[in-house]
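A short worksheet on the structure shown next.
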Amino acid sequence: MKKKGTVYAVIIAVWLCCTGLLVWSLYNIAVSTEGYPAGRRVFIIIMLSVNTVVLALLWLGSLKDFIFSATYAVMHKKFDKIYAGIGRYDPALHGAPRFLLLYCTCNDFNAEALSACMKQKYKNFRTLILDDSSDEEYRVRIDRFAAERGIEVIRRADKKGFKAGNLNNCLSGRTDYDYFVVLDSDEIIPPDFIEGVLKYFAYNKKCGAVQARHTASGGNNVFQKLMGLSVGSNGETVQVVKNFYGANALIGHGMAISRECYEKTGGFPLVVAEDISFAVKIKDAGFDVIYAPDILCREEFPVDYVSLKKRQCKWTQGNLEYMKKFDKEINRSSMRWFEKLDLKLSHYSLPIVPVFSLVLTLCTLALGFAGYPVINYALGIYVIMIVFLCSPMIPDLFVYRKSRNALLLLPYFIVNIATYASLAPMMIRTVIAGMFGKKATFIVTPKRSEKFGVREILRNTRDSLVFALIIGALALLACASILPVIFVVAGCLLSPFIIALSNISVKKSEERGDYIPGGETVRELPLKSAPARHAKIAVRI
């Protein structure tokens, strides 16, 4: 799968045209301010210039999303033919290398998911549980499960390095495997997962890692069901385009890595975002990362707004840490220019976008207080803004337009925009703390939801509500309208409604059992049980 820079050449060309339109609009606005006093006019032009630069940078990321989605719409049949040409792997003919399934857990053990993952058609594999749990009840559950299944459990006294440290603790110096698969606690891989990834390693001798596609399980409540739509659509479209025109990343689970690749990279970097950081090291070591859209795994979208908020906080910290520690390494990397640009646009956006959005808001308020309350952009500018605002939703329209989920796209669109807009205060606070030296921490995303009462809803959305009231009041004072900040204010004010969506249960989708061979129900082990005597447990220090 030879990568080309064609799509990014188009992105840059279109972006330059859009930026030219912005600069032209800025010039016309600047000319129209001649009636203002000199000092005030200079201030207004400076604010407008900052606004233009920030808006242009935001447009680059949005344009990337838009053109990647359009590329898939135009070329998906060609991509399908290329994937179809990769022959299946037959262990009887090509050999059966040794595999390890590494199930990582920290106070979130899911016996049903792990049992389903272990039902591989491939025979030459072993399962290891890498347990960082501090909760004794979870440790007991894991020991009992391990004893019943004859699984090795590895625990460590030193919990440094978060998930990366857990994986390195297991793999360092180990030679009893050829490939390993990383599993998250709630993940279910299909029965032919191992044979599926092996064909990619056989197809490309430089392949060091294969990342499988993921979709969200049906969801237990309205919030989880709606927001989970984004998982499948992105994996089916944008990630495929990256295989040919961008930089493939790892998502930390549902991925297979060769021992040769692991050893030559020196292991996982001890950072929160170990997955995207490890992908850079893989490329530097001369290996490729391949995305496998035909291998479909299932995972749970965060169970409620509070869980998503914690995950987003972890991702924001991790991506900021990634920016600070790996920017120079990316620049020095042997990757081609468009791969480097794709990495930065894809992973820098999480901490940068909320900060840039805040800068735009402050510039708008400052212009209002300076007596210039309305930004007189041309109609074309506002059309571009709206198109780019909606660009992340294009994969959803493409994937779900003919499915029963098509009826959910409008409420999903509203809830999605409101949810991430309401997370802006938390993300801005997280970025500022990180810029002033606060170390990133690995936050385990809660896997169990609860019913939220009015008090809990207000407590968990307090920062968003306060932010909305402050920004809204300032906009009224500066501009006599909240229209310039309507998306942020509306999103934050809707946060109590969004958190309440998880109180509304939905019927579990039948598709949740698709990857459990035989359709059998796996018995959940009780929390409180006697310690197992026969589990093989290793503690590495």
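With contacts taken as Cα pairs under 8 Å at a separation of at least 6 residues, the chain carries a relative contact order of 23 percent. Only protein heavy atoms count here; under a 1.4 Å probe, VAL53 has an accessible surface of about 90 Å². Length gained on full extension, ARG455 to LEU483: 7.1 nm, using 0.36 nm per residue less the C-alpha separation.
Within the chain, which is the longest segment containing none of the GluC sites (Glu not before Pro) that sit in a DSSP loop and have at most 13 other Cβ atoms within 10 Å? Counting only loop sites that pass the neighbour cut-off, the longest clear stretch is 35-449. Report relative contact order for the range 93-177 in percent, whole number only (criteria: Cα-Cα under 8 Å, sequence separation at least 6). Taking the mean separation of contacting Cα pairs over the length of the range 93-177, I get 33 percent.
Subtracting the Cα-Cα distance of LEU21 and TYR83 from 0.36 nm times their residue separation leaves 18.4 nm of extension gain. For ASP192 and ASP90, the difference between the fully extended length at 0.36 nm per residue and the C-alpha to C-alpha distance is 35.6 nm. Here each label is just a point 7 Å from Cα along the line to Cβ, and for ASN204 and LYS507 those points are 4.3 nm apart. Overall, the accessible surface of the chain at a probe of 1.4 angstrom is composed of carbon and sulfur to the extent of 61 percent. Ligands, DNA and RNA aside, HIS94 has an accessible area near 120 Å² when probed at 1.4 Å.
Between PHE497 and MET75, the simple spin-label model (points 7 angstrom out along Cα→Cβ) gives 4.0 nm.
Centroid-to-centroid, using Cα positions, the range 147-185 and the range 354-396 are 47 Å apart.
Of interest is the spacing of the C-alpha centroids, which for the range 195-260 and the range 42-102 amounts to 11 Å.
Relative to the longest principal axis of the chain, what angle (0 to 90°, nearest 10) does the C-alpha long axis of helix 6-31 take? Value to nearest ten degrees: 20.
Of LEU21, LEU397, LEU409, the order by accessible heavy-atom surface (1.4 Å probe, DNA, RNA and ligands excluded), from most exposed downward, is LEU397, LEU21, LEU409. When VAL387, VAL489 are compared by accessible area of protein heavy atoms, the largest-first order is VAL387, VAL489, using a 1.4 Å probe.
Accessible surface calculations at 1.4 Å, restricted to protein heavy atoms, place the range 65-174 at 42 Å² per residue.
Site pair ILE470 and ILE45 shows an inter-label distance of 3.3 nm when each label is modelled 7 Å from Cα along Cα→Cβ. Once you have a ≥ b ≥ c as the square roots of the Cα gyration tensor eigenvalues for the range 206-364, tell me rounded if a/c is under 1.5, and otherwise prolate or oblate according to whether a/b is larger than b/c. Note, shape of the range 206-364 comes out oblate.
The values are calculated or read from the model by the stated rules, or taken from the named source; none is laboratory data. All figures in this text were calculated on a predicted structure; none of them were measured in a lab. Cβ sites come from the backbone with ideal geometry, for glycine too, and all protein chains shown count toward neighbours. Surface areas here come from the heavy atoms of the whole protein model, side chains and all, with no ligands, DNA or RNA. Shrake-Rupley method; radii C 1.70, N 1.55, O 1.52, S 1.80 Å.
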